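> Let me begin by handing over the structure; questions about it come next.
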Amino acid sequence: MNAIRRFFQQAFLYYKEQYIHFSFGEILGFKMFLPVFILLYYCMAARYGFNAPPLTRWVIGNSFLLCTYQCLFSLGYTFSSERYGGRLRTLIVAPRHKLVIAAEKSFFMIFEGLVTSAFGLLCGSLIFGISFAGVNMLLFVTVLLSGMIAAMGFGLFLSAFGLISDSLPFVLNVVYAAMLILCGANFPIGDLPAPARILSYMLPLTRSIEGANMLFGSVDTGRFLSLVAQELGVGAIYAVLGYVTLKICEKVAIKRAAFEMF
Amino acid sequence: MNLRVLASTMAVQMKNSFARPGIRMCLLIAPVANTILLYYMFQHSGRADFGMYVVLGAGLTSLWETIIFSSMGDINRERWNGTLCLLFGMPTPYPLILLGKIIGNTVMAFAALVLSYAAAYILFGITLTVNSAWLLIAALLLSGVSFVVVSQFTAYALTLSRKIVIYMNCLNFPIFLLCGFAFPIETLPSWALPLSYALPPTWAVRMLRMCFAPAIDLALYGQYALILLGELALFGLMARLLYRAVDTQVRVHATLEVF
């Protein structure tokens, strides 16, 4: 019981730490309205590039991608941010499992990511006149959650490298740029060359975006469930990889003893 | 003396900026990634000039990102390192040092445009034809000046802020949208157009696009250049007034090192 209370206490403190010197308006602007501008940019580019098509798939795809700011960047920076704060050495010798630290740091981010994606979707739908009539909302929330879980697993996997490298911001930005191209949010995956298509299906969100798009047209239940299951599978694989990588990187980091080097 | 300070600040700034992984991302990876993304988004447009939109869109977004993340981020870094107050208090004027930093970033950031074109050519065989090299050079110079002036204005505005990280992120996508870096601003809703017209980079982008059109309307090019110069003068004046206000605030409150 004490451990659970401590988990939530720590999770709340980590979350509070990020926003303590910002006003509510600034947080709202940064976390809600900036993502809407990002969504608008890609949707307007699609309107120009695809000659004014119905923008449903771009609004869905890009609102799904909005959660990567929390799932990928916030979780990815778990250890990297501690390096800048000079606390990585303390964390590494602490008896607490590093996976628990990552979970504590990302716990509230999951909800924030969900809210950001939902807000982006709402604004995108209102601006571009996308109707949710006939869309099964339960299935929609399921596919959104499955995408977020997969992205969290991926974020956990990448966060481990923060223990051994000071270049994680670079890595995370490259990964985000790759996701913009490969996840099918901005153009059909079929347009990509075959090797790139393989990469697409190795990334989180590709399947959940495809599943969410399906909900706005004719739903093939078997295919839909398969996409959700595959997406959760991708998340699970990355989570296991993250666990193993975390262990390896922890050992390497202790051996190198270069936590405060840049 | 002033020119020497400006040149040495630029040189140090470019070295420091390029040493940071974040800027290497903006400068080397983002132009290529943006080129690939925009190519796949625009290839079905059926427009003969879509290649120009791909190259300029990818290049200009990466260029602005590099300038804004480096110029704004540097004020934040100087504050963290405790050197912002030294920069402010030294005999060399703070605006001159800031200008050196921003020009250094802008010169470096133009590599993003070259890389976008190289990526478009190598990956997709896109070639651009320039109808007048001199007009292109003039447009590039004016683009550079417009980015410097807007960056300097925002840098003054944020000198007092301890929350630069948030604001510099917020200056990215709204500017991409309003200045029409990747697509014409006419695709924006009509109420947003006055905002677009008020920003100097909008006119610079229009001038750049004209240089790659099959034929150039010299009168229109000149008109855009005049509007751009007028706006630059206005932004320059506003930046000067803003700096006076910031300078007073800095000396009265003395909180440049406070977090």
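The values are calculated or read from the model by the stated rules, or taken from the named source; none is laboratory data. Here the structure is a predicted model, which is why all the values come from computation and not from measurement. Methodologically, a virtual Cβ is constructed for each residue, glycine included, from the backbone with ideal geometry; neighbour enumeration extends over all protein chains shown.
> Being modelled with pLDDT under 90 and part of a helix (DSSP H, G or I), is that true of even one residue in the range A:216-236?
Residues of the range A:216-236 modelled with pLDDT under 90: A:216-221.
Narrowing further to those that are part of a helix (DSSP H, G or I): A:221.
Yes, that holds for at least one residue.
> Here is a further query. Mind checking which residues of the range B:172-186 are touching a residue at least 24 places away in the same chain (Cβ under 8 Å) and buried (at least 20 other Cβ atoms within 10 Å of the Cβ)? Let's see the steps before the verdict.
Pass one, the range B:172-186, residues touching a residue at least 24 places away in the same chain (Cβ under 8 Å): B:172, B:175-176, B:178-183.
B:ILE175, B:PHE176, B:LEU178, B:CYS179, B:GLY180, B:PHE181, B:ALA182, B:PHE183, listed by residue number.
> Could you tell me which of the residues A:ALA103, A:ALA160 is touching a residue at least 60 places away in the same chain (Cβ under 8 Å) and surrounded by 23 or more Cβ atoms within 10 Å (Cβ to Cβ)?
The match here is A:ALA160.
> Same structure again: Criterion first (closer than 27 Å to A:ALA212 by Cβ, within 11 Å of another protein chain (Cβ to nearest Cβ), assigned to a helix (DSSP H, G or I) and without any contact (Cβ under 8 Å) to a residue 40 or more places away in the chain) does A:TYR48 satisfy it?
Values: closer than 27 Å to A:ALA212 by Cβ: yes; within 11 Å of another protein chain (Cβ to nearest Cβ): yes; assigned to a helix (DSSP H, G or I): yes; without any contact (Cβ under 8 Å) to a residue 40 or more places away in the chain: yes.
In short, yes.
The rows are residues; the columns are (1) surrounded by fewer than 23 Cβ atoms within 10 Å (Cβ to Cβ); (2) more than 17 Å from the chain's Cα centre (by Cα); (3) under 16 Å from A:GLN10 (Cα atoms).
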position	(1), (2), (3)
A:PHE64	no, no, no
A:PHE79	no, no, yes
A:MET109	no, no, yes
A:ALA118	yes, no, no
A:GLY124	no, yes, no
A:MET137	yes, yes, no
A:LEU145	yes, no, no
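> Sticking with this one: Checking A:MET202 against (1) more than 14 Å from chain B (Cβ to nearest Cβ); (2) in a helix (DSSP H, G or I); (3) farther than 24 Å from A:LEU55 by Cβ, only one condition comes out false. Which one?
If we test A:MET202 against (1) more than 14 Å from chain B (Cβ to nearest Cβ); (2) in a helix (DSSP H, G or I); (3) farther than 24 Å from A:LEU55 by Cβ, just (2) comes out false.
> While we're looking at this one, here's another question. Which of the numbered conditions does A:VAL59 fail, given that it passes all the others? Conditions: (1) free of Cβ contacts under 8 Å to residues at least 24 places away in the same chain; (2) more than 9 Å from chain B (Cβ to nearest Cβ).
Evaluating A:VAL59 over (1) free of Cβ contacts under 8 Å to residues at least 24 places away in the same chain; (2) more than 9 Å from chain B (Cβ to nearest Cβ) leaves (1) as the failure.
> Got a number for residues in the range B:32-50 being buried (at least 24 other Cβ atoms within 10 Å of the Cβ) and either closer than 18 Å to B:THR202 by Cβ or more than 9 Å from chain A (Cβ to nearest Cβ) (or both)?
2
> So which of B:ILE29, B:ILE75 is of a type in the set (Val, Ile, Thr), touching a helix residue (DSSP H, G or I) at 6+ places or on another chain (Cβ under 9 Å) and within 14 Å of chain A (Cβ to nearest Cβ)? Spell out how you get there, then give the answer.
Details: B:ILE75 fails: within 14 Å of chain A (Cβ to nearest Cβ).
Testing whether each residue is of a type in the set (Val, Ile, Thr), touching a helix residue (DSSP H, G or I) at 6+ places or on another chain (Cβ under 9 Å) and within 14 Å of chain A (Cβ to nearest Cβ) leaves just B:ILE29.
> Which ranges mark the helices (runs of 4 or more DSSP H) fully within the range B:110-220 that have 2 or more residues being within 12 Å of another protein chain (Cβ to nearest Cβ)? Break it down stepwise before answering.
Numbers: elements: B:111-124, B:133-159, B:164-170, B:173-178, B:193-197, B:200-211.
Output list reads B:111-124, B:164-170, B:173-178.
> Identify all residues within the range A:207-229 that are closer than 30 Å to A:VAL100 by Cα and touching a Ser or Thr at 6+ places or on another chain (Cβ under 9 Å); write none if there are none.
A:ARG207, A:SER208, A:LEU227, A:VAL228, A:ALA229
> All but one of (1) away from every other protein chain (no Cβ under 14 Å); (2) surrounded by fewer than 17 Cβ atoms within 10 Å (Cβ to Cβ); (3) touching a Gly at 6+ places or on another chain (Cβ under 9 Å); (4) not small (Gly, Ala, Ser) hold for A:LEU88, so report the exception by its number.
Every listed condition holds for A:LEU88 apart from (2).
> For A:VAL175, state whether it is of a type in the set (Val, Ile, Thr), in contact (Cβ under 8 Å) with a residue 60 or more places away in the chain and more than 13 Å from chain B (Cβ to nearest Cβ). Steps first, please.
Details: of a type in the set (Val, Ile, Thr): yes; in contact (Cβ under 8 Å) with a residue 60 or more places away in the chain: yes; more than 13 Å from chain B (Cβ to nearest Cβ): no.
Considered against the rule, which asks whether it is of a type in the set (Val, Ile, Thr), in contact (Cβ under 8 Å) with a residue 60 or more places away in the chain and more than 13 Å from chain B (Cβ to nearest Cβ), A:VAL175 comes out as no.
> A further question on this structure: When residues of the range A:6-29 are filtered for being over 23 Å from A:ALA102 (Cβ atoms) and either touching a strand residue (DSSP E or B) at 6+ places or on another chain (Cβ under 9 Å) or surrounded by 14 or more Cβ atoms within 10 Å (Cβ to Cβ) (or both), how many remain? Show your work before the answer.
If we filter the range A:6-29 for residues that are over 23 Å from A:ALA102 (Cβ atoms), which is where we start, we get A:21-26, A:28-29.
Next cut, either touching a strand residue (DSSP E or B) at 6+ places or on another chain (Cβ under 9 Å) or surrounded by 14 or more Cβ atoms within 10 Å (Cβ to Cβ) (or both) only: A:22, A:26, A:29.
Here the count works out to 3.
> Taking the stated definitions as given, is B:VAL250 of a type in the set (A, V, I, L, M), farther than 22 Å from B:TRP64 by Cβ and in contact (Cβ under 8 Å) with a residue 12 or more places away in the chain?
Values: of a type in the set (A, V, I, L, M): yes; farther than 22 Å from B:TRP64 by Cβ: yes; in contact (Cβ under 8 Å) with a residue 12 or more places away in the chain: yes.
Yes; evaluated as a whole, the condition is true for this residue.
> Hey, another quick one. Looking at the range A:212-262 only, could you name the residues that are charged (D, E, K, R) and farther than 20 Å from A:SER63 by Cα?
A:ASP220, A:ARG223, A:LYS247, A:GLU250, A:LYS251, A:LYS255, A:ARG256, A:GLU260
> I'm trying to understand the selection: among the residues of the range B:187-198, which are under 19 Å from B:ALA225 (Cα atoms) and either of a type outside the set (A, V, I, L, M, F, W, C) or crowded, with 20+ Cβ neighbours inside 10 Å (or both)? Let's see the steps before the verdict.
First pass over the range B:187-198, keeping only residues under 19 Å from B:ALA225 (Cα atoms): B:193-198.
Passing the criteria: B:PRO194, B:SER196, B:TYR197.
> While we're on this one: If you go through the range B:1-30, how many residues are farther than 14 Å from B:LEU99 by Cβ, part of a helix (DSSP H, G or I) and charged (D, E, K, R)?
Of the residues in that region, 2 qualify.
To keep it simple, each residue is scored yes or no on (1) within 11 Å of another protein chain (Cβ to nearest Cβ); (2) outside any helix (DSSP H, G or I).
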residue	(1), (2)
A:LEU121	no, no
A:PHE140	no, no
A:VAL143	no, no
A:MET152	no, no
A:SER159	no, no
A:ASP166	yes, yes
A:LEU180	yes, no
A:ASN186	yes, yes
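> What are the residues in the range B:55-94 that are closer than 15 Å to B:VAL165 by Cα and either of a type in the set (A, V, I, L, M) or assigned to a loop (DSSP other than H, G, I, E, B) (or both), if any?
Answer for the range B:55-94, where residues must be closer than 15 Å to B:VAL165 by Cα and either of a type in the set (A, V, I, L, M) or assigned to a loop (DSSP other than H, G, I, E, B) (or both): B:ILE67, B:ILE68, B:MET72, B:ILE75.
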